[in-house]
1. Given the residues 192, 206, which is the only one that is among the hydroxyl-bearing types (Ser, Thr, Tyr), surrounded by fewer than 16 Cβ atoms within 10 Å (Cβ to Cβ), more than 16 Å from ligand 1 (Cβ to nearest atom) and in the same structural domain as residue 230 (by TED's automatic domain parsing)?
2. Would you check which residues across the stretch 20-78 are without any contact (Cβ under 8 Å) to a residue 24 or more places away in the chain and of a type in the set (D, E, K, R) and list them?
3. Mind checking which strands (runs of 3 or more DSSP E) fall wholly inside the stretch 80-180 and carry at least 3 residues that are more than 16 Å from ligand 2 (Cβ to nearest atom)?
4. Can residue 216 be described as exposed (fewer than 15 other Cβ atoms within 10 Å of the Cβ) and within 29 Å of residue 341 (Cα to Cα)?
5. Can we say residue 70 is farther than 14 Å from residue 1 by Cα and either at pLDDT below 90 or in a helix (DSSP H, G or I) (or both)?
6. Could you check, for the stretch 302-312, whether at least one of its residues is more than 26 Å from residue 371 (Cα to Cα), surrounded by fewer than 16 Cβ atoms within 10 Å (Cβ to Cβ), among the small types (Gly, Ala, Ser) and at pLDDT 95 or above?
7. Any residue at all in the stretch 364-380 that is more than 19 Å from residue 265 (Cα to Cα), in contact (Cβ under 8 Å) with a residue 24 or more places away in the chain, out of contact with any Lys or Arg (no Cβ under 8 Å at 6 or more places or on another chain) and not in a loop (DSSP other than H, G, I, E, B)?
8. Name the pairs: first residue in the stretch 119-138 and more than 21 Å from residue 151 (Cα to Cα) and β-branched (Val, Ile, Thr), second residue modelled with pLDDT of 75 or more and buried (at least 17 other Cβ atoms within 10 Å of the Cβ), Cβ to Cβ under 7 Å, at least 6 apart or on different chains?
Amino acid sequence: MQGFLESNDVVAVVESAANDRRMIKAHVKVHIGGVPAAVEAYRNSPTPNLIVLESSADRSVLFEQLALLAECCDSGTKVMVIGHENDILLYRELIYRGVSDYIVAPMNILDFIGHISALYNGESSETLGRVIAVVGAKGGVGASTVCHNLAWSISRQLALQTVLVDLDLAFGTVGLDFNQDPPQGIAEAIFSPERLDANFIDRLASRCSDTLSILPAPATLDRSYDLSEHAVDATLDILRATTPCVILDVPHQWCAWTRRVLVGCDDVVIVASPDLANLRNTKTLIDSLNASRLNDHPPRLILNMVGLPRRPEISLGEFAKAMEMEPLGVIPFEARLFGAAANNGQMLAEVDPRSKIIETIDDAGQLLMGRAIVRRGKNPCSRPSSSD
Ligand SMILES: Nc1ncnc2c1ncn2[C@@H]1O[C@H](COP(=O)(O)OP(=O)(O)OP(=O)(O)O)[C@@H](O)[C@H]1O
Ligand SMILES: [Mg+2]
């Protein structure tokens with residue numbers, strides 16, 4: 001995409017959009033000078049997929065300039081105009097002349113990105129699923145257990161088609177936790193890029209219920225799992241396009257591909273236990289992810305294993321204050337419940353449906369999916385929905 005812009009405000013929006021995770025696959029270049037600069041630039045060189053033009057010129061001048069540009073535009077190039085007049089007739093005239101979209105400035109970053117994705121996704125952009133990544137602030141803090149129970153809860157409470165993906169290829173426990181041992185799973189998708197399409201992934205997934213499927217990790221050590229930065233991109237793109245809710249169990253690692261997954265998903269949930277190393281790691285994760293996700297909700301925090309007997313802990317208030325956020329959920333340490341669930345290959349709700357922890361996980365799932373919390377027998381209590 002090449003932009004030929006005029007005003008500082010529009011340049012700022014386009015440049016910020018170019019740095020947003022949703023535009024990660026776009027190559028964006030911004031120039032100053034509006035339509036005349038574009039005509040000059042493309043007189044002797046090929047045009048890109050998308051040209052974004054800002055114009056504050058009188059409409060007859062704009063039409064003349066666009067006619068000149070049309071002479072040097074390759075077929076397949078789309079043109080989007082950003083103008084300063086909110087006028088439906090101007091919009092219609094521009095569309096009639098072959099412009100793909102007209103946006104009125106001032107515009108915000110997400111609106112601008114929405115217009116661009118609509119140009120390429122059309123109707124299908126409506127059906128994109130929500131991708132939620134769950135990661136531990138430290139190893140062994142219960143991130144996978146929380147992640148699997150969240151997926152189970154969302155699929156049941158909201159009756160949403162959900163797929164749970166185990167990205168802890170070497171040691172993942174999705175198969176164990178759902179008491180399934182299918183011969184195939186996420187590894188076949190990641191290591192067979194040439195076979196990858198929606199049907200292939202559908203065949204690899206194992207059904208746990210009408211609404212929940214899992215893509216378990218092989219959890220075998222006959223190979224090493226050094227993934228490249230882009231290794232899971234294609235699988236996630238397909239899942240996002242075919243499933244309303246995609247939950248990722250991301251191992252506690254900071255490498256190119258895990259970072260890319262965490263930056264690229266719709267919501268990140270950090271599971272932490274209330275000690276100093278967890279606090280430090282949660283803070284560095286939040287700061288780093290916020291810096292790469294300027295137009296997204298900050299990562300959510302779930303405190304787990306709170307109240308482990310005889311362990312000195314950082315208080316919830318102090319932890320929340322250091323993170324400058326209230327946790328999405330607080331889960332107590334309950335060895336009996338979690339131990340039974342883990343050893344029986346069951347979800348917490350199957351072991352003890354009356355546990356308070358089930359409510360905490362249900363609420364977290366509903367909030368993550370942008371739903372108001374409604375409980376039978378209680379007043380509906382609406383909570384803020386997520387940012388996008
Ligand atoms: N709130 C809790 N109370 C008691 N035990 C818990 C709790 N949460 C998790 N556990 C137990 O802690 C163990 C580790 O959990 P889990 O595998 O989910 O952690 P993890 O953060 O994903 O670990 P890893 O870093 O290895 O991926 C499991 O045996 C699980 O049953
Ligand atoms: Mg884990």
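1. 192
2. Of everything in the stretch 20-78, those that are without any contact (Cβ under 8 Å) to a residue 24 or more places away in the chain and of a type in the set (D, E, K, R) turn out to be 25, 40, 58, 64, 71.
3. Of the strands (runs of 3 or more DSSP E) lying wholly inside the stretch 80-180, those with at least 3 residues that are more than 16 Å from ligand 2 (Cβ to nearest atom) span 101-104.
4. no
5. yes
6. Yes: the stretch 302-312 contains one or more residues that are more than 26 Å from residue 371 (Cα to Cα), surrounded by fewer than 16 Cβ atoms within 10 Å (Cβ to Cβ), among the small types (Gly, Ala, Ser) and at pLDDT 95 or above.
7. Scanning the stretch 364-380 turns up no residue that is more than 19 Å from residue 265 (Cα to Cα), in contact (Cβ under 8 Å) with a residue 24 or more places away in the chain, out of contact with any Lys or Arg (no Cβ under 8 Å at 6 or more places or on another chain) and not in a loop (DSSP other than H, G, I, E, B).
8. Final answer for the pair search is none.
The values are calculated or read from the model by the stated rules, or taken from the named source; none is laboratory data. On a predicted model such as this, the values are computed, not experimentally measured, just so you know. All Cβ positions, even for glycine, are placed from backbone atoms using ideal geometry, and neighbour counts span all protein chains on display.
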